[in-house]
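**Student:** This structure is in structure tokens; I'll ask about it shortly.
The values are calculated or read from the model by the stated rules, or taken from the named source; none is laboratory data. What you see is a predicted model; the values in this text were computed from it and never measured. When we count neighbours, we look across all protein chains shown, and the Cβ atoms used for this are built from the backbone with ideal geometry, even at glycine.
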Amino acid sequence: MISNEPKMHEQVRKTILLFLGILTLLSAICYYAILKLNPTSIYVGALMMCPALSALITLKLVKRPISSLPWGLKSLWPAALFHSVHNIFIQKIFTPLTITNDSSPFWIDKYGLMLPIITTLFAIYFWRKAKVEHL
């Protein structure tokens, strides 16, 4: 029996190189905008989204749906995508929209108390809902 393993490894290598090429191109555009134009949070936010956008573009180019990613325990992709989107919303959207005072750092941004409080409230809500629905 002939193994397809070398062919699969070559395909994985090409996909990784494609992803890195797209990531480099998108990041270079964002870095240029930050350095030469204006270092606003829009360009920094775009730079933070580059890995997620690169992953989605790569999947599209290799004709794989996003549902083909293993969303179980065997993959870090769900965590990587969630983390990049999470950082964008917390650090580049919510924090600049918040009125600040002396106690603001205690409550807002990535290490503030508001994020774990809201996350805990959502967890309790969905946990109770799951118990009611016997999930």
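**Student:** Evaluate the stretch 93-105: report whether one residue or more is within 20 Å of the chain's Cα centre (by Cα), in contact (Cβ under 8 Å) with a residue 24 or more places away in the chain and farther than 20 Å from ILE22 by Cβ.
**Tutor:** Applying the first criterion (within 20 Å of the chain's Cα centre (by Cα)) to the stretch 93-105 yields 93-96.
So of that shortlist, the ones also in contact (Cβ under 8 Å) with a residue 24 or more places away in the chain come out as 93, 96.
Those still in the list that are farther than 20 Å from ILE22 by Cβ too: 93, 96.
The answer is yes; a qualifying residue exists.
**Student:** Would you pick out the residues in the stretch 10-38 that are of a type in the set (S, T, N, Q) and either touching an Asp or Glu at 6+ places or on another chain (Cβ under 9 Å) or free of Cβ contacts under 8 Å to residues at least 24 places away in the same chain (or both)? Steps first, answer last, please.
**Tutor:** Just the residues of the stretch 10-38 that are of a type in the set (S, T, N, Q), to begin with: 11, 15, 24, 27, 38.
Matches in the stretch 10-38: GLN11, THR24, SER27, ASN38.
**Student:** Residues LEU81, LEU56: which one is modelled with pLDDT of 80 or more, assigned to a helix (DSSP H, G or I) and assigned by TED's automatic domain parsing to the domain that holds LEU17?
**Tutor:** On the way: LEU81 fails: modelled with pLDDT of 80 or more.
LEU56 is the lone residue from the list that is modelled with pLDDT of 80 or more, assigned to a helix (DSSP H, G or I) and assigned by TED's automatic domain parsing to the domain that holds LEU17.
**Student:** Okay, next question. For the stretch 77-135, which positions are touching a Ser or Thr at 6+ places or on another chain (Cβ under 7 Å) and either within 25 Å of SER67 (Cβ to Cβ) or surrounded by fewer than 13 Cβ atoms within 10 Å (Cβ to Cβ) (or both)?
**Tutor:** Selection gives PRO96 alone.
**Student:** Being among the β-branched types (Val, Ile, Thr) and either modelled with pLDDT of 85 or more or part of a helix (DSSP H, G or I) (or both) is the filter here; which residues of the stretch 1-29 pass it? Step through it out loud before you land on a result.
**Tutor:** Just the residues of the stretch 1-29 that are among the β-branched types (Val, Ile, Thr), to begin with: 2, 12, 15-16, 22, 24, 29.
If the condition is that a residue be among the β-branched types (Val, Ile, Thr) and either modelled with pLDDT of 85 or more or part of a helix (DSSP H, G or I) (or both), then VAL12, THR15, ILE16, ILE22, THR24, ILE29 are the ones that fit.
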